[in-house]
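Accompanying notes for the structure given below.
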Amino acid sequence: MGDLKYPDNIYLVGMPGSGKSTLGKQLAEKLNADFYDLDLCIEKEAGKDINRIFSEDGESGFRLLERQCLEDLSRIAEIKVIATGGGTPCFHQNIDYMNAHGVSVFLNVPLEIILERLLDQGTDARPLLRNKSATELLGQLHDHFQLRKSHYMKALIHLDGGAISLETILNGLASL
Ligand code: S3P
């Protein structure tokens, strides 16, 4: 592994609760790279949290800001891991942008496992998923996944399962 050359940008994509931030931090540490959470960058840029962006600027305002922050982060000249938002690859052809500027990794976690994690973590900070019963939440996850999967499938590396580990991601990157 020591001789591997990593791309400047490694983008983790997948549904909310698929482990993008958790695994992204581990991956960045392992590669001695920087870690960025796209949602946090968007909040910093907007000067308000995601819920307020959605309520004041609408989803379309959020998606514009998301694209702008994706470009801003991608331009930083260093090796980095970027945890994107669940919807990021599906708007403004962001998945094509990511594939042109680095490597995208799709964390394809079964929705039933995602549901458990979201019920555990809570959905207050996720405007598209908040205030729902478990049944409604699972329905919403299925609906989103149906709409999103063709975009996720364009990621360059696909990792499947409920127990994707740092090692799995490193093996995926090594297979490029
Ligand atoms: C979103 C997911 C969120 C955040 C925003 C929209 C989505 O990120 O970007 O609430 O469209 O699924 P996480 O995937 O980190 O929850």
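Please treat every number below as a calculation from the coordinates, not as lab data. Source: prediction; values computed, not measured.
Brief remarks follow.
- Cα-based shape type of the chain, given that a ≥ b ≥ c are square roots of the gyration tensor eigenvalues and the cut on a/c is 1.5: oblate
- Cα pair count fraction exceeding 20 Å, expressed as % - region 1-104: 36 percent
- Over region 19-176, relative contact order from alpha-carbon pairs under 8 Å, at least 6 apart, %: 27 percent
- Cα-based Lys pair tally, region 9-168, threshold under 19 Å, eight or more apart or on separate chains: 8
- Helical content of the chain, expressed as a calculated mean residue ellipticity at 222 nm, amounts to -17000 deg cm²/dmol (DSSP H runs of 4 or more residues, -39,500 (n - 2.57) each, divided by residue number, nearest 500).
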